[in-house]
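What follows is a single structure, written as structure tokens, with notes after it.
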Amino acid sequence: MKNFKWGTESFNESPVYVVLFVSRNKDNVGVENFEQRRMSFITHKEIDDSRLIRDFENFVSNGVPGETCRMYYSINARDTKKIYKDLVHFLIDEPDFNLCDIAPKLAGIAASKGNALTKHWMFDFDINDLNKANEFCDDIKTIDPEVETTIHKTPNAYAIITNRGFDTRKLYEKWDSKLTELKRDDLVCVRWKTKEE
């Protein structure tokens, strides 16, 4: 046992992100024997890392036939030093905490807005039209040419991520804020899959 490696490799040199695998009631109406499931954790793996994709595939395979699952990934990297500090404070304040639940608790701590390392914004673009999404990005560029945008396909429409914030007043003179909701620090749905019957 003395020589066994316990996987305590430091990740201080690389950013970490929050990941959520979830199968929601609203995606699985009428699926027989369905029970809502979720799994959250932090990782240094990038969105398209094959190991992370394999973990999501395993989550999907543990569902029931016809169950739809989603994978979410934080739009902002998280500050490991702040996470460590908040975790230590939490463990001191909650000595009876069940350590078997440490991964989701750690993800929750990391996801708090004060622990964001980057300042990306996300617009939940609830218009399933790529031309409109591109037009929205063009309008952002007109307002602030320094802002970079990325369009992500989501199950129902798109998410538009910017590299930083900007003044949105002119944008919302044209666009419906309910259909293009701004989320300053959130998770974006990057994968979704239904377990085959």
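Observations, loosely collected:
- Which listed residue, of Asp176, Asp167, Asp144, is modelled with pLDDT of 95 or more, among the acidic types (Asp, Glu) and surrounded by 14 or more Cβ atoms within 10 Å (Cβ to Cβ): Asp144
- Evaluated against (1) at pLDDT below 95; (2) touching a Phe, Trp or Tyr at 6+ places or on another chain (Cβ under 6 Å); (3) polar (S, T, N, Q), Thr80 falls short on exactly one condition, (2).
- Yes/no for Lys119 being assigned to a loop (DSSP other than H, G, I, E, B), out of contact with any helix residue (DSSP H, G or I) (no Cβ under 9 Å at 6 or more places or on another chain) and closer than 30 Å to Asn156 by Cα: yes
- The residues listed here are Lys85, Lys113; of these, the one that is surrounded by 13 or more Cβ atoms within 10 Å (Cβ to Cβ) and either at pLDDT below 95 or more than 14 Å from the chain's Cα centre (by Cα) (or both) is Lys85.
- Matching residues in segment 60-71 - criterion: being surrounded by fewer than 20 Cβ atoms within 10 Å (Cβ to Cβ) and either part of a loop (DSSP other than H, G, I, E, B) or of a type in the set (Phe, Trp, Tyr) (or both): Asn62, Val64, Pro65, Gly66
- Applying the criterion of being modelled with pLDDT of 95 or more and not aromatic (Phe, Trp, Tyr) to the residues of segment 34-44, the residue that is nearest to Pro65 (Cα to Cα) is Glu35.
- Considering each residue of segment 56-79 in turn, none proves to be out of contact with any Pro (no Cβ under 9 Å at 6 or more places or on another chain), more than 20 Å from Gln36 (Cβ to Cβ) and without any contact (Cβ under 8 Å) to a residue 60 or more places away in the chain.
- Boolean, Ile53 is loosely packed, with under 11 Cβ neighbours inside 10 Å, of a type outside the set (Gly, Ala, Ser) and farther than 20 Å from Ala116 by Cβ: no
- In segment 88-110, the qualifying residues are those that are among the charged types (D, E, K, R) and within 20 Å of the chain's Cα centre (by Cα), and the one that is surrounded by the most Cβ atoms within 10 Å (Cβ to Cβ) is Lys105.
The values are calculated or read from the model by the stated rules, or taken from the named source; none is laboratory data. Since the structure is predicted, the reported quantities are computational estimates derived from the model, not experimental observations. No Cβ is skipped: glycine too gets one built from the backbone with ideal geometry, and neighbour counts run over all protein chains shown.
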